[in-house]
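This report concerns only the one structure given below.
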Amino acid sequence: MALRVGVVGGGQLARMMIAPAVELGIEIQVLAEEPAMSAALAASAVGDYRDLDTVRAFAQGLDVLTFDHEHVPQEVLRALVADGIRVHPGPDALQYAQDKLLMRGRLAELGLPQPDWAAVTDAGDLRAFLDDHGGRAVVKTPRGGYDGKGVRVVSDPAEVADWLDGGALLVEELVDFTRELAQQIARRPSGELVAYPVVETVQRGGVCAEVIAPAPHGTVRLAEVAEQIGATIAEGLGVTGMLAVELFETTDERLLVNELAMRPHNSGHWSQDGAVTSQFEQHLRAVLDLPLGEPTPRQPWAVMVNILGGPAEGGLEQRWPAALAAHPAVKVHTYGKAPRPGRKVGHVTAAGADLDAVAYEARAAAAFFTD
Ligand code: ADP
């Protein structure tokens, strides 16, 4: 009988697990928040992932339950595990992707490099941190942030007055980074671990705009340090499935951990067209505890450019003829989402031997889809 994977969350990450599931012969089902979401083309239920009965009913008969986001409450996850359902990543690991304060504390215990940080509960604590760190710092809500929402650079506690009565906040030094990198690791419940090459991620307005794989100008040492950090986190936190570690590279060539995602991640979309095993196939293999695939790049370079927003009028499809004709070697991925300003609605990937040519191809193809 076919293996059955259930994915909580109906976004594009769940959607992009569908193709490799079909290829491998895995049955995939999705619990979507609403009808007509990105992943609704898989057999899908619609329901509230915060409701135990809903998720419990969805999980019946599955070989493993996994996620396209990290928002399923701990109580729900723990009740499912108590029912005997295989949940990967499990609640013990996932808590560190759900709460940035917990993550900072655990990474400190593991001795991993990260920005100076503190938990602050009032304006006085925050003022003291600012005074110790040159008058500016980054304040983050510990839970629920994404794409830069829940992150503010501040020089005065009054700038987060609206957040201060909601419990502890994470404050971090404002890192003077030269660029942002991401390290992906896949880990099986039985322990096997595979590392993708470290990539460079370019953010605009707090949103990932572009990824270059592998990170250009990367020394062997950089790659080794990034991989070691990723492996230490995957093992130390007991992560199963795909892990993405977002990193800052500093002016003095240190790597600092920014944040974690325990699922396929935007920084790994290049792997669909640029690696022997895509992060989506790898996630399925890992959560099912199947042997992992090679993460090796197929070409020296891959560049992934997000399609943010899309055309003001009509769908992305109207742009296909021109884009596909102009860039036949570029791979276009769209998520079945309605274009809205700034919204991630798709991405394109180009791969090849010459980084400049590959980057040009990917950027030019993506430009066809935005106004
Ligand atoms: P989100 O959960 O919204 O993705 P992140 O913690 O990744 O939030 O922060 C979003 C972006 O803000 C990062 O990609 C980085 O560009 C910037 N940022 C976050 N933390 C810091 C920091 N300590 N110093 C400098 N920039 C930061």
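The values are calculated or read from the model by the stated rules, or taken from the named source; none is laboratory data. Nothing here was measured: the structure is a model prediction, and the numbers come from that model. Please note: Cβ atoms are built from the backbone with ideal geometry, for glycine as well, and neighbour counts cover all protein chains shown. Just so you know, the surface numbers come from the protein's heavy atoms only, side chains and all, with ligands and any DNA or RNA stripped out. Shrake-Rupley method; radii C 1.70, N 1.55, O 1.52, S 1.80 Å.
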Notebook entry, point to check: Once you sort the root eigenvalues of the Cα gyration tensor of the range 60-134 as a ≥ b ≥ c, which label holds: rounded (a/c under 1.5), prolate (a/b larger than b/c) or oblate (the other case)?
Noted result: prolate
Check: What's the local net charge at ALA118, with K and R +1, D and E -1, over the other residues with C-beta under 14 Å away?
Finding: -3
Notebook entry, point to check: Percent relative contact order of the range 63-123, based on C-alpha pairs within less than 8 angstrom and at least six residues apart?
Noted result: 26 percent
Margin query: Whole angstrom only: what separates the Cα centroid of the range 204-223 from the Cα centroid of the range 14-30?
Written below: 28 Å
Next item on the list: With the full set of protein chains in place, find how many percent of the accessible area of the chain is carbon and sulfur; take the probe as 1.4 Å.
Entry: 51 percent
Check: Does the range 121-185 classify as rounded, prolate or oblate by the C-alpha gyration tensor (a ≥ b ≥ c root eigenvalues; a/c under 1.5 gives rounded; else a/b over b/c gives prolate, otherwise oblate)?
Finding: oblate
Note to self: Counting only other residues whose beta carbon sits under 12 Å from that of GLY236, what net charge do I get with K and R as +1, D and E as -1?
What the structure shows: -1
Notebook entry, point to check: Ordering ARG298, ARG254 by how much accessible area each has at a 1.4 Å probe, largest first, what is the list?
Noted result: ARG298, ARG254
Next item on the list: Quick one: accessible surface of ARG86, probe radius 1.4 Å, all protein chains present, in square angstrom to the nearest 10.
Entry: 100 Å²
Notebook entry, point to check: Mind checking which lysines have their C-alpha under 22 Å from LYS100, skipping anything on the same chain fewer than 8 residues away?
Noted result: LYS140, LYS149
Check: Using alpha-carbon positions, what is the distance between the centroids of the range 78-108 and the range 111-180, in Å?
Finding: 23 Å
Note to self: Over the chain, what is the relative contact order in percent, taking alpha-carbon pairs closer than 8 angstrom and at least six residues apart?
What the structure shows: 13 percent
Notebook entry, point to check: Taking square-rooted eigenvalues a ≥ b ≥ c of the alpha carbon gyration tensor, is the range 85-128 rounded, prolate or oblate, where a/c under 1.5 means rounded and, failing that, a/b exceeding b/c means prolate?
Noted result: oblate
Item checked: Solvent-accessible area of HIS71 with every protein chain in place, 1.4 Å probe, in Å² to the nearest 10 -> 80 Å²
Notebook entry, point to check: Taking the DSSP beta bridges in the chain as the whole, what percent of them are antiparallel, to the nearest 5?
Noted result: 80 percent
Check: What net charge is computed for the residues neighbouring ARG104, neighbours being all others with C-beta under 11 Å from the C-beta of ARG104, Lys and Arg scored +1, Asp and Glu -1?
Finding: -2
Next item on the list: Just read off the accessible area of TRP117 with the full protein assembly in place, 1.4 Å probe, to the nearest 10 Å².
Entry: 80 Å²
Next item on the list: Could you please put THR251, THR201 in sequence from largest to smallest accessible area, using a 1.4 Å probe?
Entry: THR251, THR201
